[in-house]
1. Can you tell me which residues in segment 9-35 are among the charged types (D, E, K, R) and either assigned to a helix (DSSP H, G or I) or loosely packed, with under 14 Cβ neighbours inside 10 Å (or both)?
2. Might you let me know whether segment 320-339 holds any residue that is out of contact with any Lys or Arg (no Cβ under 8 Å at 6 or more places or on another chain), surrounded by fewer than 17 Cβ atoms within 10 Å (Cβ to Cβ), of a type outside the set (A, V, I, L, M, F, W, C) and assigned to a helix (DSSP H, G or I)?
3. If you check Cys246, Cys255, which single one turns out to be part of a helix (DSSP H, G or I), in contact (Cβ under 8 Å) with a residue 24 or more places away in the chain and crowded, with 23+ Cβ neighbours inside 10 Å?
4. Quick one: what pairs do we get from segment 94-113, first residue at positive phi, second part of a helix (DSSP H, G or I) and open to solvent by less than 20 Å² (accessible area, probe 1.4 Å), C-beta under 9 Å, 6+ apart or different chains?
5. Is it the case that Asn206 is within 19 Å of Leu317 (Cβ to Cβ) and either over 21 Å from the mean Cα position of the chain (by Cα) or open to solvent by 60 Å² or more (accessible area, probe 1.4 Å) (or both)?
6. Name the pairs: first residue in segment 359-375 and under 20 Å from Leu262 (Cα atoms) and assigned by the TED database to the domain that holds Pro241, second residue among the polar types (S, T, N, Q) and open to solvent by less than 10 Å² (accessible area, probe 1.4 Å), Cβ to Cβ under 7 Å, at least 6 apart or on different chains?
7. With respect to Met276, is the statement that it is outside the structural domain of Glu17 (by the TED database), in contact with a Lys or Arg (Cβ under 9 Å, 6 or more places away or on another chain) and assigned to a strand (DSSP E or B) true?
Amino acid sequence: MASFSIEDFVGDGVLKELIPKLLEEGWDDVPTLKIMNPEDMDAINMTQHQKDALEIRTYLHDRALMQYGDKLEASRKSLPELLNLSTEDLSSQFGMRRGHIARFTDRNNKCTDPLPKSYGLPARKLTVTPSRSNTIYKMKTIRKSFCRSSTNNDRSLEESLADFKIKDGYIFKGIVAAGPAEPRACGCIQPPPVVDNVAPNSAIENISVQRLTPEYKIGMERLVKTKTPPMKASELWRDKPAVLLCIRRPGCIMCRAEAHQLYAKKPIFDALGIQMFAVLHEHIESEIKDFWPRYWGGVVVFDRTTGFFKALGGGKLLKDKFLSGFVFNPRAIANYKRAKSMGIEQNFKGEGEIKGGLFIVGPGGTGIAYQFIERNFGDWAPVAEVVEICARLKNQQQDEGDSSRSPQEHKCSGSS
């Protein structure tokens, strides 16, 4: 699976010299960099070679083939030209393995789900000198697609999420969600029960957490050097809603795959004003270094009392054994194969029986809007569902903000 480190993404090619400019203009993480449009590239005076390099590396990143980035870029061929080369040419000129050639030439087979076209950034005409404000404008532009002031805007939201829904085989599961409870070992082993009710805000607000990493940006130190003091979890979402991905084990191949898939959608969560946190119940520094930012570029926090994991299990840890939870569980094996097909590395360090999941928490004391429980090893919260709940939170905040404004403020806003 391709890394979310900017340095790994640009490699030793022509994009490397652009890193200071990318940082200055706010294109400072891989998911955001990958959605640059032609006018964004012109705004920072990218050469045609640099534009071609970005297109090639974005394509390779989606297919976990970044090891060929420098060679393909050095050929000075465009992506369409490279895709039209024969199998023999790809092998002889770039040393591409046969299995990798099949993945490279299959334009529809991506290791990560792409952002829907409806989330793409519209072209914009710049009348001022390019600056960091361009990125602010970019995020405002995406946010507009989620603002709900009429029925037409409701339909736009549904349409913008349609790509996710179709791809995921989408079925909305409601506030509390989990994977299917399929029998194991021909029905001899029953799956563990999961809670039916969302955890109360009181179950998570006072959990003691500690930040282990910052949000990744270009050139940032790999870990927080000074040990940060513990704080209440409620501080994480005091001002803005948050997605909290509770990781069973950062070295687990399925956990890494889930984190990678979710963080790849960072531009959407940024546009919706949603923070992203990965929550660990063990602090093993070597594991964190391997996990961040390669598989997850958001903030990583340490749950000092496994409080989030207990909240997922209704007050107690939801655990499963390797034999009954994996070997005799067809669903878990399918989840493993899905992650394995993405080319992800793994290790077996740390505790691996405590199940994880995901929370979406509203700002302040509004509580949990959604929780997903990892019933089977490797179950993922459907990205479509996560994005839709976040969009609803954004719309709810917008509606509450509109209702609290005076008639004069509405009038001024409408005329601006």
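1. The initial filter retains those residues of segment 9-35 that are among the charged types (D, E, K, R), namely 12, 16-17, 21, 24-25, 28-29, 34.
The answer is Asp12, Lys16, Glu17, Lys21, Glu24, Glu25.
2. Yes; the residues of segment 320-339 include at least one that is out of contact with any Lys or Arg (no Cβ under 8 Å at 6 or more places or on another chain), surrounded by fewer than 17 Cβ atoms within 10 Å (Cβ to Cβ), of a type outside the set (A, V, I, L, M, F, W, C) and assigned to a helix (DSSP H, G or I).
3. Values: Cys246 fails: part of a helix (DSSP H, G or I).
Only one candidate passes the filter, namely Cys255.
4. So the pair list comes out as Gly95/Tyr68.
5. For Asn206, the condition - within 19 Å of Leu317 (Cβ to Cβ) and either over 21 Å from the mean Cα position of the chain (by Cα) or open to solvent by 60 Å² or more (accessible area, probe 1.4 Å) (or both) - is met.
6. Final answer for the pair search is Phe359/Gln371.
7. On the way: outside the structural domain of Glu17 (by the TED database): yes; in contact with a Lys or Arg (Cβ under 9 Å, 6 or more places away or on another chain): yes; assigned to a strand (DSSP E or B): yes.
It is true that Met276 is outside the structural domain of Glu17 (by the TED database), in contact with a Lys or Arg (Cβ under 9 Å, 6 or more places away or on another chain) and assigned to a strand (DSSP E or B).
Quick grid of which residues meet (1) over 24 Å from Ile288 (Cα atoms); (2) out of contact with any His (no Cβ under 9 Å at 6 or more places or on another chain); (3) not polar (S, T, N, Q):
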{"position": "Lys310", "(1), (2), (3)": "no, yes, yes"}
{"position": "Val327", "(1), (2), (3)": "yes, yes, yes"}
{"position": "Lys337", "(1), (2), (3)": "no, yes, yes"}
{"position": "Ser341", "(1), (2), (3)": "no, yes, no"}
{"position": "Ile344", "(1), (2), (3)": "no, no, yes"}
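The values are calculated or read from the model by the stated rules, or taken from the named source; none is laboratory data. If you're wondering where the values come from, they're calculated on a predicted model, not measured in any experiment. Neighbour counts are summed over all protein chains in view; Cβ atoms, including those assigned to glycine, are modelled from backbone coordinates with ideal geometry. Side chains are part of the model used for accessible areas, which takes the heavy atoms of the whole protein and leaves out ligands, DNA and RNA. Shrake-Rupley method; radii C 1.70, N 1.55, O 1.52, S 1.80 Å.
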